[in-house]
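**Student:** Shown below is the structure under consideration.
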Amino acid sequence: MNRREFLQRGSGIVSGMLVLNSRTVFGYEANSAVRHALLGCGNRGTGVATSFAQNTSARVVALADIFADNLAKGHDHFNQVNAGLGQPAIDSKLLFRGPHAFEQLAESKDVDLIQISTPPYFHVQHLETAVASGKHVYCEKPVGIDITQAKHALEIAKKVKPSQSVDVGFQCRMAPPIAALEEKIKAGALGKIATVSGNYNSPASTEKKREGEGPDEYRLRNWLWDRVLSGDILVEQNIHIIDLCNWMVGAHPLKATATGGRNVLTHWGDIWDNYQVDYTYPNDVHFTFASTQFGSDGVFDAGLKLFGSSGSATCPYAGPITITGTNAWSWQDSESTATGSGKFAANGAFLDNLKYADRDKERTFIASIVSGPVHNQIADGVETALSCILGRMAGYQKREVTWEEMLAQIEDWPLGFSLEQFA
Ligand SMILES: NC(=O)c1ccc[n+]([C@@H]2O[C@H](COP(=O)([O-])OP(=O)(O)OC[C@H]3O[C@@H](n4cnc5c(N)ncnc54)[C@H](O)[C@@H]3O)[C@@H](O)[C@H]2O)c1
């Protein structure tokens, strides 16, 4: 069975149960569920945890969130999901609320896997606690919003135990058409890569508002508009395309120049609404990347193009994935005209080329937990986060910045308020 067949058949999942050898592997009895906890019951976290429940042997047994309303929403949702799967409702003892919810979750003996889906500023702190607990971890991108956090994450990576599996939420790498393209590029289908271009044009995120909230709560709920909480659009959102470029080129950028700014957005916050970055990779391969994040007219377009001595590759989120030239090839199932393709999905669950990205990512991760080999994707996640930080730094500082210069800079962004007010 090849990788694709393995994933399509559900890596051993039959009628929602996992069929394994009778021996115990990594502490899991055959046919037992992985007890899954969601930290951050928002848009993406809920979508991913629901997909885990529907596509793998993981069962959502615990929830944690800083805010009571989001925790309650998650509780209702996952009780329904569990009921639909013939699973018990979530025990109220496994609901954790407030700024220390992540620590209480990590202490629980009833949890095997923690999914970190909180705003980016908290990822590294939550990762540290989750890794120290010995549980398996699925951490959303980015792994770090500044240099200090990214370097700290590399230290955490060294503490992952041989029995622990840790994934970072770069699900695009697991999308079947994108994985197939990458295999062909790595096998030399394009010849020598000369240059790469990429883009991520997306609508603005919408405001979240709650009656009676103070300015810090408003900021935390609207973290996407805040540089410190999100890392800015290059680090928070555009990271998926920059990650695909690193993966396909097989390296991280050596230096970057960038422009950009806040030309259109007028709402609260300090994120930029556009970036233009020129990255230089080894062998003088240039990656020109442009992004926007504004407007409500539904304009959405994300993808990557690679140009080589033998041909070129086109890799959009929606539309045909192809190689032209000497080794011409195309993915047969891209649905560029299907309903819903080419539309923005705030929770990352896109149709068309990314339709099975989350499912296959989750199945591969659960297989790594149940039967091994385990993953430790923290360092790769940090490398991509730093690639984005490099572009952001070049943009903010309006100059060329090399990888080494970036790492030598002290960048340690303070949150500026205490979470204890939400206890
Ligand atoms: N991989 C993808 O394609 C993809 C897509 C969308 C979002 N994301 C990532 O997922 C994460 C969550 O994004 P979202 O859109 O779900 O945001 P969201 O605002 O909808 O959800 C965040 C949740 O975290 C909670 N929270 C905030 N601070 C917390 C803290 N300190 N402790 C505990 N809970 C806290 C919030 O109350 C909220 O319920 C982000 O890191 C984002 O970058 C990834």
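The values are calculated or read from the model by the stated rules, or taken from the named source; none is laboratory data. All of these numbers come straight from a predicted model, not from anything done at the bench. When we count neighbours, we look across all protein chains shown, and the Cβ atoms used for this are built from the backbone with ideal geometry, even at glycine. Please note that ligands, DNA and RNA were not included when accessible areas were found on the heavy atoms of the full protein model with its side chains. Shrake-Rupley method; radii C 1.70, N 1.55, O 1.52, S 1.80 Å.
**Student:** Return the aspartates and glutamates within reach of Lys355: Cα separation strictly under 13 angstrom, same-chain partners fewer than 8 residues apart disregarded; answer none if there are no such residues.
**Tutor:** Partners within reach: Asp333, Glu335.
**Student:** Please build a GNM for the chain, connecting alpha carbons under 10 Å apart, and tell me which residue among Arg399, Arg173, Arg44 fluctuates the most.
**Tutor:** Answer for the Gaussian network model of the chain: Arg399.
**Student:** Please compute the alpha carbon radius of gyration of the stretch 97-205, then divide it by the globular-protein estimate 2.2 N^0.38 Å. Two decimals is fine.
**Tutor:** 1.34
**Student:** Which percent of the accessible heavy-atom area of the chain goes to carbon and sulfur, probe 1.4 angstrom?
**Tutor:** Within the chain, the accessible surface is 52 percent carbon and sulfur.
**Student:** Around Ala132, with a cut-off of 14 angstrom between Cβ atoms, what is the net charge of the other residues, counting Lys and Arg +1 and Asp and Glu -1?
**Tutor:** Counting the neighbours of Ala132, the net charge comes to 0.
**Student:** A follow-up question, please. Can you tell me the length gained on complete extension of the stretch Asn263 to Asp69, counting 0.36 nm per residue apart and subtracting the Cα distance?
**Tutor:** 66.4 nm
**Student:** Which value, in debye to the nearest 20, gives the size of the charge dipole of the chain about its Cα centre, when Lys and Arg are +1 and Asp and Glu are -1 at the Cβ?
**Tutor:** 940
**Student:** Please compare each pair in Lys109/Lys159; Lys186/Lys361; Lys151/Lys192; Lys305/Lys361; Lys192/Lys343; Lys141/Lys186 to a cut-off of 30 Å on the Cα-Cα distance and tell me which ones are over it.
**Tutor:** On the way: Lys109/Lys159 20 Å; Lys186/Lys361 20 Å; Lys151/Lys192 32 Å; Lys305/Lys361 23 Å; Lys192/Lys343 33 Å; Lys141/Lys186 24 Å.
Pairs exceeding the cut-off: Lys151/Lys192; Lys192/Lys343.
**Student:** Still on this structure, I have one more. What would the Debye formula give as log10 I(q)/I(0) at q = 0.15, 0.26, 0.29 Å⁻¹ for the alpha-carbon point model of the stretch 92-141, no solvent?
**Tutor:** For the stretch 92-141, the Cα-only Debye profile gives -0.34, -1.04, -1.26.
**Student:** Once the other residues with Cβ under 14 Å from the Cβ of Ser117 are scored (Lys, Arg +1; Asp, Glu -1), what is the net sum? Mind showing how you got there, number by number?
**Tutor:** Numbers: positive: Arg44, Lys73, Lys141, Lys361; negative: Asp65, Glu140, Asp167, Glu236, Asp358, Glu362.
Net of charged neighbours comes to -2.
**Student:** While we're on this one: Calculated from DSSP H runs of 4 or more alone, at -39500 (n - 2.57) each and per residue, what is the 222 nm mean residue ellipticity of the chain, nearest 500? Kindly include the intermediate steps, with their values, before the conclusion.
**Tutor:** Values: 14 runs with 142 residues, N = 423.
Mean residue ellipticity, 222 nm, calculated: -10000 deg cm²/dmol.
**Student:** Give the calculated FRET efficiency between Glu383 and Arg210 to the nearest 0.05, with a Förster radius of 45 Å applied to their Cβ-Cβ distance.
**Tutor:** With a Förster radius of 45 Å, E is 0.75.
**Student:** Next question. Given the stretch 157-245 reduced to its alpha-carbon atoms as identical point scatterers, what log10 I(q)/I(0) does the Debye formula return at q = 0.19, 0.23 Å⁻¹?
**Tutor:** Debye output, listed in q order: -1.04, -1.16.
**Student:** Could I ask something else about it? From Cα pairs below 8 angstrom and at least 6 apart in sequence, can you work out the relative contact order of the chain, rounded to a whole percent?
**Tutor:** 20 percent.
**Student:** While we're here: Which of the lysines could be linked to Lys209 by a straight reach, that is with a Cα gap under 22 Å, when you skip same-chain ones fewer than 8 residues away?
**Tutor:** Here the lysines satisfying the reach criterion relative to Lys209 are Lys73.
**Student:** For the chain, which semi-axes, largest first and in whole Å, follow from the square roots of 5 times the eigenvalues of its Cα gyration tensor?
**Tutor:** Largest first, the chain gives 32, 28, 20 Å.
**Student:** Have a look at Pro316, Pro203, Pro253 and tell me which one the Gaussian network model of the chain (Cα, springs below 10 Å) gives the largest fluctuation.
**Tutor:** Pro203
**Student:** Just how much of Lys93 is accessible, in Å², when a 1.4 Å probe is used and the result is rounded to the nearest 10?
**Tutor:** 150
**Student:** Give, as a single signed number, the net charge of other residues whose beta carbon lies under 15 Å from the beta carbon of Ser197, with Lys and Arg counted +1 and Asp and Glu -1.
**Tutor:** -1
**Student:** Once the dipole of the chain is set up with Lys and Arg at +1 and Asp and Glu at -1 on Cβ about the Cα centre, which of Gly325, Ala204, Phe289 lies farthest towards its positive end?
**Tutor:** Of the listed residues, the answer is Gly325.
**Student:** Let me ask you something else. Measuring with a 1.4 Å probe in the full set of protein chains, what accessible area per residue, in whole Å², belongs to the chain? Please report the intermediate quantities before stating the final value.
**Tutor:** Numbers: 17340 Å² over 423 residues.
For the chain, the solvent-accessible area averages 41 Å² per residue.
**Student:** Another one. Going by average Cβ neighbours within 10 Å, how do the peptides 324-331, 48-55 rank, with the highest at the top? Don't jump to the answer; show the numbers that get you there.
**Tutor:** Numbers: 324-331: 14.6, 48-55: 21.5.
Going from most to least packed, we get 48-55, 324-331.
**Student:** Also, quick follow-up: Find, to one decimal place in angstroms, the Kirkwood hydrodynamic radius of the stretch 261-398, where the mean of 1/r is taken over every pair of different Cα atoms and then inverted.
**Tutor:** 18.2
**Student:** Now, a different point. Using a basic spin-label model with each label point 7 Å from the Cα along Cα→Cβ, how many nm lie between Gln125 and Gln397?
**Tutor:** Placing both labels 7 Å along Cα→Cβ, they lie 2.6 nm apart.
**Student:** Would you list, by chain and number, the aspartates and glutamates whose Cα falls below 18 Å from the Cα of Lys398, excluding same-chain residues fewer than 8 positions away?
**Tutor:** Filter leaves Asp146, Asp232, Asp270, Asp273, Asp278, Glu411.
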